[in-house]
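Structure, as structure tokens:
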Amino acid sequence: DTGHRALAEWLRQTVPAGETVAIMDIGIVGYLNPDLTVLDISGLTDRFIARQPGRFLDKQYDPAYVLDRRPAVIILVLSAPGISYEPPSAPPSWSWWTGIEDRLYRHPRFEAEYWTIPKGPPPTGWPDRIVARYGAEKIFEHAYPGYYYLLAAFRRQDVVGG
């Protein structure tokens, strides 16, 4: 399994029941994790976010709303033009899939509360280098036509992984 299904399984194994996970692609992750609370950062299932200005995937709200809910894990999508599951031939120009993901990542509290400091030798594989570069704990690659679509998992520093 890869992508969202692999992410859902990893969350099931490493996040304690009752905790919150913040994510834009809630579908299978929420379905396969009924013991977790899923905070939809795009606003489909969150009334506060849904009522904020902006269109779907471009809601304008303060990222502190998400951070104040203290999710155990925040999933943000990194993307770049390319072919899924093939190592890039040149360093891609990564960007966050949505504006709210970009604003969450850039919020001063995000780095302080969610970044993982790499331990051990420098990473060698390209997905592992992305993990280290952005402070994620783990990356799950999802197939998306014409793009790399990486689900980057950031664990709150005071939450112990499984």
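Which of rounded, prolate or oblate describes the range 7-91 when judged by the alpha-carbon gyration tensor and an a/c cut-off of 1.5?
oblate
In 5 Å bins starting at 0, how do the alpha-carbon pair distances of the range 69-162 split up by percent?
Going out from 0 Å in 5 Å bins, the range 69-162 shows 3, 13, 24, 25, 19, 12, 5, 0 percent.
Scan the range 84-162 for trypsin sites (Lys or Arg not before Pro) in coil per DSSP, keeping those whose Cβ has at most 10 other Cβ atoms within 10 Å, and list them by number.
Of the trypsin sites (Lys or Arg not before Pro), the ones in loops of the range 84-162 whose Cβ has at most 10 other Cβ atoms within 10 Å are Lys119.
List the chymotrypsin sites (Phe, Trp or Tyr not before Pro) within the range 22-90 that fall in a DSSP loop (any state other than H, G, I, E or B) and whose Cβ has at most 15 other Cβ atoms within 10 Å.
Phe56, Tyr85
With the chain treated as a Gaussian network of Cα nodes joined by springs under 10 Å, which of Ile75, Ile26, Ile83 yields the largest mean-square fluctuation?
Result: Ile83 has the largest fluctuation of those listed.
Using only the Cα atoms of the range 52-91, build the gyration tensor, take square roots of its eigenvalues as a ≥ b ≥ c, and label the shape rounded, prolate or oblate: rounded if a/c is under 1.5, else prolate if a/b is larger than b/c, else oblate.
Verdict is oblate for the range 52-91.
Taking the Cα centre of the chain as origin, work out the dipole magnitude from +1 charges on Lys and Arg Cβ and -1 charges on Asp and Glu Cβ, in debye rounded to 20.
Values: 17 positive and 19 negative charges, 52 e Å.
It comes to approximately 260 debye.
So which trypsin sites (Lys or Arg not before Pro) in the range 1-100 are both in a DSSP loop and have at most 15 other Cβ atoms within 10 Å of their Cβ?
Arg51, Arg55, Arg69
When the Cα atoms of the chain are enclosed in a convex hull and the volume is divided per residue, what value in Å³ results?
117
Search the structure for amide H atoms under 5 Å from the amide H of Ile41, placed 1.01 Å from N in the peptide plane, and list their residues when 5 or more places away or on another chain.
Ile23, Met24
Amide H to amide H, which residues 5 or more places from Arg156 or on other chains are under 5 Å from it, using H placed in the peptide plane?
HN-HN under 5 Å from Arg156: Val73, Ile74.
FYI, it's all coordinate maths here, none of it is from the lab. What you see is a predicted model; the values in this text were computed from it and never measured. In this analysis, Cβ positions are derived from the backbone assuming ideal geometry, glycine residues included, and neighbour counts consider all displayed protein chains.
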